[in-house]
Amino acid sequence: MHLLSASCVRALLFATLLRQALLSFFVSIPDERRKQQPDPSEAGLHRSGAIMLNILRLIIFVCFSGLETVIGLYGETFEIPCNIGAMKAEDIMITKWKYDKGAGLSGDLLVKQKGQDVSISATDEYKGRVSMGANSSLLLSAAKLTDQRTFTCMVVVADIAEYPVNVVIYKTPAGLEISDKADELEIGKLTKLGTCVAKDSNPAANITWLKNSTPLVADGKGISIQASVLVDPVTGLSTTSSTLEFSAKKEDTDAEFTCSTQPTVGTELVSSPATFTVTYSTENIVLQVTAQDPLVEGGNVTLKCLADGNPAPTAFNFHLKGELVKVENADTYTIMNVSRDSTGEYKCSLVDDPTMESSKDITVSYLDINLSPSGNIVEKAGQALDLTLQINASGDSKVTWTKDNVKLDKEPEFTKLTYADSGRYECEVTMGLLSQKDFLELVVEGVPVIRQLSKKRGDDGTHKVLICEVEGSPKPAVSWSINGTLLDESPFVNGKITHKITVVPAVNLTVSCSVSNEFGADSRTINVSSLIEEVRMDKQDQSDDNDQTKVVVGVVVGLLLATVVIGLAYWVYMKKSKQGSWKTGENEDGSSEEEKKLEEKVEENSQKAEV
């Protein structure tokens, strides 16, 4: 037995502890979680565990053998080094390669003496497969599993030295494929899903099953995995087969199942995905209603029965307000030309299980209005008109009124018709998206009446304008008792018309305006002065105004002059009084009484002047 080196001990201890840590982590996962689909971290755990197992085997093999190990790939050429260390090539007398045949026997492969060519002595399985490379290494082509043995490089210098090397041969599986796939999976039933095969590998492949890229772990209930290995007696290569039994759930429909393996050397291999039909009985049924919104009389309604079974049911019963209709090889039924009587509850059920059903309420919206009276009507002025609007609707409605396209604040009322009430009245009733309209074209007729007869002078002052404002319907005819020029006639609106004529009267006149229609007539008069008389009267009025103005101005001027004279006399008087007192030596107080009297006199005159 060879002693283990310190590096081997450390590597072996590290690999063992790492593998134990991974296993402990997996064991710590709750059973309930492991029974479900493992998460991606667990997937990495399983793949890492397989890799660590192979690495551990390799470390044990290398460390316990105490020899250098070389890995060769199956079918390829690999190189086995000769560890001659610091030995110089020119000092080597003989280099020889041999191999361990087992049972304590060895076989020669080739030999090279200093200054001579390589002499190949290999026979049997190594004949034609060996050659010498640089630094005395051995080149071995077409690697086989039987090459997993010890090869020894013997060097003769002053002494004889031997350098044994262990050879390990790896082969990646030829491929992964899922065979013997199930036709379908049934919910709750453990069914063989398929077999994953990894052909011709070394060491034997460790296969992992995955669903939607998540590894599956056998739990003995819903997941069962059985693996087997078959070794080819000729090549020694292993073929691994892994069979998965799976109990599907509804959500496994369209799930992708794959299998994978992680070779000791190389990248991970993954099979092509496989999907399966998951069958299950109907658990839920839903009635779907398709119709225009809102559904109104005359429309169509399509009923669709949706069942979650797989395969889906192909026959349904439709319950149409007491009527039963069976539909086969379809899941829809259309009701044509619905009416308000179609409103009610509708159902669908399975033919195989009538107790499994679904229902929906269908409402057919309707809106009817009746305006009375409506259309074109003619009424007499002064009478009352009873206007009514009746609404028959399946829901709450809103009413708007317009008169001659102008919106009204409320419904029109006609307690006493006037000519202004004439016009086109429209009502619009809305209920959601439904709308109905009706109209009343009202014409109010009656005897024409002259509302006002007036006159005014023209803008240029050379003529008179007579204005006759008339109300009545139909449109009354207007005539004057004097000839004139038609100045204007307003449009006949709401039973009203204004008629204007222009006249130039030479003398004072009495003019009449007459109106009439089929219901009667009316007439009014107005006095019109001649233009000459009006000019004379204007001048006389102007002269009287001038005389009055002159009188007023004279009075004002006279009062102002009187005030000035009185003020001046008072000033002179005061001046003389003061001079006299100076001369006689009298006090100013001695004349105060006279001054007060004078001031009272001046104030009295001032008041008279103002009056």
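The values are calculated or read from the model by the stated rules, or taken from the named source; none is laboratory data. All values derive from a computational prediction rather than experimental measurement. Positions of Cβ are backbone-derived with ideal geometry, glycine not excepted, and every protein chain shown enters the neighbour counts. Heavy atoms of the whole protein, side chains included, go into the accessibility calculation; ligands, DNA and RNA do not. Shrake-Rupley method; radii C 1.70, N 1.55, O 1.52, S 1.80 Å.
The share of alpha-carbon pairs in the range 415-490 lying farther apart than 21 Å comes to 53%. Restricting the calculation to alpha carbons of the range 171-215 gives Rg and Dmax of 13.0, 40 angstrom. Within the full protein context, the accessible area of L408 is estimated at about 50 Å² for a probe radius of 1.4 Å.
Over all distinct Cα pairs, what is the inverse of the mean 1/r for the range 239-368, reported as the Kirkwood hydrodynamic radius in Å? Walk me through the numbers before you get to the answer.
Numbers: mean 1/r = 0.0544 Å⁻¹.
One over the average 1/r among Cα pairs gives 18.4 Å for the range 239-368.
Ordered from largest to smallest accessible area (heavy atoms of protein chains, 1.4 Å probe), the residues K88, K347 come out as K88, K347. Listed here are the pairs K464/K496; K192/K304; K96/K144; which of them are more than 25 Å apart at the Cα? From the list (K464/K496; K192/K304; K96/K144), the Cα-Cα distance tops 25 Å for K192/K304. Our summary of shape: the Cα atoms of the range 173-275 have principal axis extents of 45, 24, 23 Å, ordered from largest down, in whole angstrom. Go through K347/K437; K171/K221; K403/K455; K380/K456; K380/K403 and tell me which ones have a Cα-Cα distance over 27 Å in this structure. In this structure, K347/K437; K171/K221; K403/K455; K380/K456 lie more than 27 Å apart at Cα.
Near the amide H of K192, within less than 5 Å, lie the amide hydrogens of F246, all on another chain or at least 5 residues away, with H placed in the peptide plane.
Distant-in-sequence amide contacts of N206, defined by a placed amide H-H separation under 5 Å and a gap of 5 or more residues or a different chain, comprise Q262.
Rolling a 1.4 Å probe across all protein chains gives W401 an accessible area of roughly 10 Å². The range 292-365 gives an Rg/Rh value of 0.99, both radii derived from C-alpha positions and Rh following Kirkwood. L434 sits among other residues whose Cβ lies under 13 Å from its own Cβ, and their net charge, with Lys and Arg +1 and Asp and Glu -1, is -2.
I want to verify the translational diffusion coefficient of the range 203-254 in µm²/s; compute it with Stokes-Einstein, Rh as the Kirkwood radius over Cα pairs, at 20 °C and 1.002 mPa s. Please report the intermediate quantities before stating the final value.
Numbers: Rh = 12.8 Å.
Value of D from the Cα-based Kirkwood radius: 167 µm²/s.
The residues neighbouring Q383, those whose beta-carbon lies less than 11 Å from its own, together hold a net charge of -2 under the Lys/Arg +1, Asp/Glu -1 convention.
Remark on the range 457-518: hydrodynamic radius 12.5 angstrom, per the Kirkwood mean of 1/r across alpha carbon pairs.
Around R340, under 10 Å between beta carbons, what's the net of Lys plus Arg minus Asp minus Glu among the other residues?
Taking every other residue near R340 into account, the sum is -3.
Semi-axes of the equivalent ellipsoid for the range 93-198, please: Cα gyration tensor eigenvalues, times 5, square-rooted, ordered largest first, whole Å. Could the numbers behind the result be given before it?
Numbers: eigenvalues 490, 36, 25 Å².
Each semi-axis is √(5λ); the values are 49, 13, 11 Å.
Annotation for the range 264-313 versus the range 472-503: alpha-carbon center distance of 81 Å. The protection proxy used here, the mean number of other Cβ atoms lying within 10 Å of each residue, ranks peptides 301-311, 458-468 as follows, highest first: 301-311, 458-468.
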